[in-house]
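Okay, here's the structure, questions in a sec.
The values are calculated or read from the model by the stated rules, or taken from the named source; none is laboratory data. Predicted, not measured: the structure shown is a model, and the values here were computed from it. Cβ placement follows ideal geometry from the backbone for every residue including glycine, while neighbour counts extend to all protein chains displayed.
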Amino acid sequence: MLRYQEWADRALAGGTLSREEARACLQTPAENIGALTDAVFRVREAAWGRRVKICVLNNVRSGLCPEDCFYCSQSNISTADISAYPLKTMASIYRGAEEAVRGAGARRYCMVASGRGPTDRDIEHLADCIRNIKSDFPDLEICCSLGLMRESQARRLKDAGAGWINHNLNTSERFYSSVCTTHTYQDRIETVQAVKAAGMHTCSGGIIGMGETERDVLDLAFTIQSLDIDSIPVNFLHPIRGTPLGDQPSTRLEMGLRTLSLFRFLNPRKDIRAAGGREFNFGADSYRVLYAANSIFVEGYLTTSGQTAEDAHRMIESHGFEIEH
Ligand code: SF4
C-alpha cells in the first residue's frame, strides 16, 4: 500500500519519517513518482502555497582556490576552463543586486566567493557592499557563501544587513573524504554552528550525484534535519570536464524528485531550494521540482549557465505556480 499521503499527513501534523520510511521514499518506484509528488505537494503548499522564490547568485570571486573539492571547477586541482578573478568591486556587486531585483525578480541575492574562507578584509568589503545594497533594496534577502567562517565574521555580515550564510554539508560525513581532502566535515559543521551562534539564518544542503550511496543521502538528510537548517539547497551534480567528478553520470529526474520529496517531508516548513544542476539534469521537466521545492535559482550558477529569468518565470506561471514578491 502506498504510504505517501500518510507521510504528508504526519509531516503536516509536526511528525517526521523514520529512517526506514526515508529509505522507502528514496526507493519510490518510477510508476509511483506521481503519487509521491502529489503527497509532497500538500506539505509544500501548506507552508509556501504555490509561491516560488527566485534566487540569483553572483560569483563575486572566482577560481584560484587552494581547496580540492572534487566537484568544483574553481578548485586547486581543476583544469576546467573558467574565468578566474579576485573579489569584485562594490559597483559590480551592487549592479548584480540591481539586475537580480529589477531584471530577474529575485527575492534573494547570494554572493559567493571562492576560497577556503574569507579574510577580515574580504568581510569588510562585503559588509560595505551589503549596506549599500540594503539601503536601496531593503526587502532583498542577502545571503553570503564564503567558505569556512568564524562567528565574529558572520556577525559583521549580519550587522551590515545579511540574513543568511550558506555553507553546504554537501554529503554524508562518511563520504566526505571521497569528495574533498583539504578540509573536514567537522570544519563544515562548525561553520554552520558559527552562523547559528551569530544569530543568522542558516543555508546548508548537499549535492546529489557525486557517487554517494543511498545511505549517504539518508545521512545527509537526517543531519540537515537535526541541525534545524532554515534554507536547504539540494544541488544535482553538473559534472564539469577537468574536475575529478567530470565523468559522473547525470542524475535522473526520478531520483531528483525522490530526493527533494525526502528533504521536504523531513523539513516541512523550511525553504527547500532546487539548486545547481536542475536544468542540466532535468531539462524541460525541471518544473516538476516545484512540487517539493519552493525556491529555484535563475540566470546560472557559479561557472555554469542556467535558465534565464524570463524562461523561469514562464515555466513557473505556466504550471500554476506564482513568483514570490
Ligand atoms: S567549493 Fe569552494 S572551497 Fe571548494 S574548491 Fe570550490 S571554491 Fe574552493
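Has the range 268-290 got at least one residue that is aliphatic (A, V, I, L, M), buried (at least 22 other Cβ atoms within 10 Å of the Cβ), in contact with a Lys or Arg (Cβ under 9 Å, 6 or more places away or on another chain) and outside any strand (DSSP E or B)?
Within the range 268-290, one or more residues are aliphatic (A, V, I, L, M), buried (at least 22 other Cβ atoms within 10 Å of the Cβ), in contact with a Lys or Arg (Cβ under 9 Å, 6 or more places away or on another chain) and outside any strand (DSSP E or B).
Within the range 97-112, count every residue that is surrounded by 22 or more Cβ atoms within 10 Å (Cβ to Cβ) and not in a loop (DSSP other than H, G, I, E, B).
Going through the range 97-112 one residue at a time, the tally reaches 6.
Just the residues that are in contact (Cβ under 8 Å) with a residue 40 or more places away in the chain, crowded, with 23+ Cβ neighbours inside 10 Å, closer than 27 Å to R258 by Cβ and more than 12 Å from the ligand (Cβ to nearest atom), please, taken from the range 174-208.
Listed by number, the residues that qualify are C203, G205, I208.
Look through the range 222-238, keep the residues that are outside any loop (DSSP other than H, G, I, E, B) and touching a strand residue (DSSP E or B) at 6+ places or on another chain (Cβ under 8 Å), and return whichever of them is farthest from V289 (Cα to Cα).
I224
Continuing with the same structure: Among the residues of the range 155-173, which ones are in contact with a helix residue (DSSP H, G or I) (Cβ under 6 Å, 6 or more places away or on another chain) and either surrounded by fewer than 24 Cβ atoms within 10 Å (Cβ to Cβ) or not hydrophobic (A, V, I, L, M, F, W, C) (or both)?
R156, A160, G161, H167, L169, T171, S172, E173
If you don't mind, there's one more thing I want to ask. Residue by residue through the range 15-34, note down the ones that are surrounded by fewer than 15 Cβ atoms within 10 Å (Cβ to Cβ) and hydrophobic (A, V, I, L, M, F, W, C).
If the condition is that a residue be surrounded by fewer than 15 Cβ atoms within 10 Å (Cβ to Cβ) and hydrophobic (A, V, I, L, M, F, W, C), then A30 is the only one that fits.
I'd like the residue in the range 85-117 that is farther than 23 Å from D311 by Cα, aliphatic (A, V, I, L, M) and touching a residue at least 24 places away in the same chain (Cβ under 8 Å) and, out of all such residues, is farthest from the ligand (Cβ to nearest atom).
Going through the qualifying residues, I end up with M90.
Given the residues D68, D81, D9, which is the only one that is within 16 Å of the ligand (Cβ to nearest atom), exposed (fewer than 15 other Cβ atoms within 10 Å of the Cβ) and either more than 30 Å from R241 (Cβ to Cβ) or among the acidic types (D, E) (or both)?
Step by step, each of D68, D81, D9 is checked, and only D81 is within 16 Å of the ligand (Cβ to nearest atom), exposed (fewer than 15 other Cβ atoms within 10 Å of the Cβ) and either more than 30 Å from R241 (Cβ to Cβ) or among the acidic types (D, E) (or both).
Can you name the residue in the range 253-282 that is of a type in the set (D, E, K, R) and modelled with pLDDT under 95 and is also nearest to A24 (Cα to Cα) among such residues?
Out of the qualifying residues, it is R278.
Collect the residues in the range 147-173 that are away from the ligand (no atom under 11 Å from the Cβ) and among the hydrophobic types (A, V, I, L, M, F, W, C), keeping them in residue-number order.
M149, A154, L157, A160, A162, W164, I165, L169
List the residue pairs whose Cβ atoms are under 6 Å apart, where the first residue sits in the range 293-311 and is over 20 Å from P239 (Cα atoms) and touching a residue at least 12 places away in the same chain (Cβ under 8 Å), the second is away from the ligand (no atom under 16 Å from the Cβ) and in a loop (DSSP other than H, G, I, E, B), and the two are 6 or more positions apart or on different chains.
A309/A104; A309/E299
Looking at the range 185-193, can you tell me whether even one residue there is aromatic (F, W, Y) and out of contact with any Lys or Arg (no Cβ under 7 Å at 6 or more places or on another chain)?
Yes, there is a match, as at least one residue in the range 185-193 is aromatic (F, W, Y) and out of contact with any Lys or Arg (no Cβ under 7 Å at 6 or more places or on another chain).
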